[in-house]
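The values are calculated or read from the model by the stated rules, or taken from the named source; none is laboratory data. This is a predicted model, so every value here is computed, not measured. For neighbour counting, all protein chains shown are included, and Cβ atoms are generated from backbone atoms with ideal geometry for every residue, glycine included. Remember, those area values only see protein heavy atoms, side chains included, never the ligands or the DNA or RNA. Shrake-Rupley method; radii C 1.70, N 1.55, O 1.52, S 1.80 Å.
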Amino acid sequence: MELPPRDPGDQLLPPGELTDIRRRLRPLAARHDLSAVIACAFDHRTRMLPFFYADVRMAPAGPRAIGSALNDSGLGHMRIVLQQWNPRFQPSLMRLDGRLPDLLLISSMSLHTAACQAMLRDIGCVEPDRRPLVIAGGSLCVYEPWEVFGIAGADGRQVGADVAVTGEEYVLLNLLELLLSDKPPTEPIRRTFLRARDSGALDAVPGLVYPRTDSAGQAVELVDTGVQRLAGDLDETPLPMAGFAMLEPPGRGATLAPAPLAPNQVRRYSRIASLVMTFGCRFSCEYCPIPGYNQHHLRAKSAPRLVEEFHRLNSTYGLRRFFGTDDNFLSDRARALEILEALASATPDGNPLHRRIRWGTEAAVHDTLTMREHVPLMHRAGLRALWLGVEDMSGTLIRKGQDANRTVETFELLARNGISPMPMLMHHDRQPLISRRDGRGLLNQVRILRKAGAVSLQVLMLTPSAASRSYENTFRSGMVYRSVAGRPVEPYMYDGNYVIASSHQRPWRKQFNILAAYVYFYNGLRLLARLARTRTPLKLKPAGMQIIGLWGLAYTFRHTLGWMLRLMFGRIVRCDDVPRSPLPMRSPDGLAASHARAWQKPAASATPPARSASVG
Ligand code: B12
Ligand code: SF4
């Protein structure tokens, strides 16, 4: 089931409200000398193709957006710690200006649940009176907020976040405004929070999940204040520059360095800068939670605002390579054209912007083809790579107005115009490795795409995605594995690289097929061929991607080969139920919680069932 939308007319924030709350917060924050650390959870076991390189060489936009929003609202001392760069970071040991910060904000994707929970366990060791207010957020909390509560701590007691934000910047600012309006200057903010929580004041802030605790401080149930209101006009979000100025320098230490990464060092570690341009997609694939998350709205920044962001990030930090965090950049054709034209013609400080920036993003094949006459404009705007959701060209899996011919046409068109086409394929039970009669086979399709100009390759196994329409049925059908050869399926394995949901008689062959596709695409011979053919509009890019691909392939083998052997020889135990919150969840009125799985009744029981480390 998708996340439930708010009532029509109440899905977007009133225009100007996000700007207003930022203004309202500044004088409030000035009265309190608050400090904050934002930690981004990252499970290093996920390092492999097809995200190898981008996973650690692109400082994620979520924690940076939160840092920029807090900075803009007047919070003074802040640091952003990326576990991608600081794998040994321990929140309990962090000190900012010689003291534990007032706020610990943890950002996590579902894939990195184990790393997120480890940080929560660690900060849970600090005595409650000294502990920072712990706020969790990011897509883990949007889709499965219960994962940050009721975690078994070192001494057997439950630990967890104080509150989960199931939405974007505005929800956090809304919470802070509530707390700071009521906080005496000398009171620790966590104490203010606990007072607000126990008085029911948090219920007025949509987009939170918080635990109700017993006298021993143990969570007995979760209260869900509902789905967030979305910022409809993304120009109202704070500019993203500040987020880069507070990054913790990479290192092996458990604590914080005395100063953040110097501005002239940012580009060295974050080779790519992700940038929010648009949100949402006009399609509605049943395995994708994105349209539901956006309550079926398409949201965007204006063209002048994007010109300003690209320019300021380039001039402040020397950043040159960008990645638009779009779900489907070309969903809104008119808006996309406006942005492209502005980027192609912008001359801030007198020099053409497009000469200094290169960017890539995601789009659908169909939408790209309907804009075929604008592909040269895309190139003039600095666009150099387009990740395209090809899925399965035969249409067996999904139809989004694309077929093999249209896909090939799109790839050739982009490649001719110097834009690298980057295919994203989805492998599934019904797709063979090779097909002699038609083009259904995985390798057949990789071959066609390679010939049409594909520069990189992404092949992911169709894997259930929380809050997508097909999620529950995939579990109920018995396809999803709980464990294989005694090894539990953990959250970090839900990335599409592991075969963890299949009805195939020999699922190891699916795992083998993915590896085979990568070996077919990334190999020494192909690298040599690409090096010999650099006089194309794509120049050295295909060869460069071969090198990154070969490097990532070694990691992919290391991580998934053992899993393939388990699938081959081990016993597969399947999930017999859908993962759900072990703690009862309810809305403030005692009705069904918006972020609980749809059929999950608000339970009366005050005793949470025991947690299990495995999924399912
Ligand atoms: C860019 C991107 C990537 C990049 C990330 C690179 C990087 N280092 O940044 C790459 C290509 C590597 C990638 C890979 C994957 N991705 Co990805 N990716 C995205 C994408 C398109 C944009 C992310 C982004 O920067 N958004 C912009 C920022 C500003 O938004 P945000 O992160 O959501 O943060 C906002 C809120 O969540 C909140 N917030 C965030 N953190 C915090 C913390 C606190 C304390 C608070 C209060 C609030 C808060 O405030 C922020 C500002 O509004 C999103 C979809 C989307 N449009 O968001 C998917 C998305 C994050 N990816 C997703 C997935 C599943 C993956 C993969 C597993 C591949 C796959 N199977 O699809 C891999 C995992 C790789 C890995 N090892 O981590 C899912 C995550 C779902 C989940 N339940 O966690 C998303 C949401 C897409 C989806 N299916 O819905 N991805
Ligand atoms: S086209 Fe992509 S982003 Fe849009 S709904 Fe389908 S999978 Fe999601």
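Quick rundown of the values:
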read-out: Accessible area in square angstrom per residue, the stretch 455-535, 1.4 angstrom probe; value: 40
read-out: The chain - mean residue ellipticity at 222 nm from DSSP helices (-39,500 (n - 2.57) per run, n ≥ 4, rounded to 500); value: -10000 deg cm²/dmol
read-out: Inverse mean reciprocal Cα-Cα distance (Kirkwood Rh) of the chain, Å; value: 25.2
read-out: Normalised convex hull volume, the stretch 10-49, alpha-carbon set, Å³ per residue; value: 163
read-out: Unpaired by the 4.7 Å Cβ criterion, cysteines found in the chain; value: Cys40, Cys116, Cys125, Cys141, Cys281, Cys575
read-out: Loop trypsin sites (Lys or Arg not before Pro), the stretch 163-263, which have at most 16 other Cβ atoms in a 10 Å radius of their Cβ (DSSP); value: Arg252
read-out: Per residue Cα convex hull volume in Å³ - calculated over the stretch 256-377; value: 136
read-out: Prolate/oblate/rounded label for the stretch 408-473 (Cα gyration tensor, a/c 1.5); value: oblate
read-out: The chain: angle of helix 442-451 to the longest principal axis, Cα-based, in degrees nearest 10; value: 70
read-out: Over the stretch 93-239: Kirkwood hydrodynamic radius from C-alpha pairwise inverse distances, Å; value: 15.7
read-out: Distance from the stretch 264-327 to the stretch 432-446 (C-alpha centre basis), Å; value: 34
read-out: Summed residue charge, Cβ within 15 Å of Ala254's Cβ, Lys/Arg positive, Asp/Glu negative; value: +3
read-out: Cα gyration tensor, the stretch 14-107 - rounded (a/c under 1.5), prolate or oblate; value: oblate
read-out: Protein accessible area in the chain, 1.4 Å probe - carbon and sulfur %; value: 53
read-out: Calculated over the stretch 308-391: convex hull of Cα atoms, volume per residue (Å³); value: 86
read-out: Prolate/oblate/rounded call for the stretch 189-250, Cα gyration tensor, a/c under 1.5 rounded; value: oblate
read-out: Rough spin-label spacing in nm, given labels placed 7 Å along Cα→Cβ, for Arg57 and Asp349; value: 2.5
read-out: Net charge, Val446 excluded, C-beta distance under 12 Å - Lys, Arg +1, Asp, Glu -1; value: +3
read-out: Cα pair distances of the stretch 100-139 binned at 10 Å [whole percent]; value: 29, 54, 17, 0
read-out: Between 0 and 90°, nearest 10: helix 333-345 axis offset from the chain longest Cα axis; value: 80
read-out: Where the Cα pairs of the stretch 354-497 fall when distances are cut into 10 Å bins, in %; value: 11, 36, 29, 19, 5, 0
read-out: Cα-based helix-to-principal-axis angle, 169-182 vs the chain, degrees rounded to 10; value: 10
read-out: Set of lysines near Lys541 by C-alpha distance (under 30 Å), chain-local residues within fewer than 8 positions excluded; value: Lys301, Lys400, Lys451, Lys510
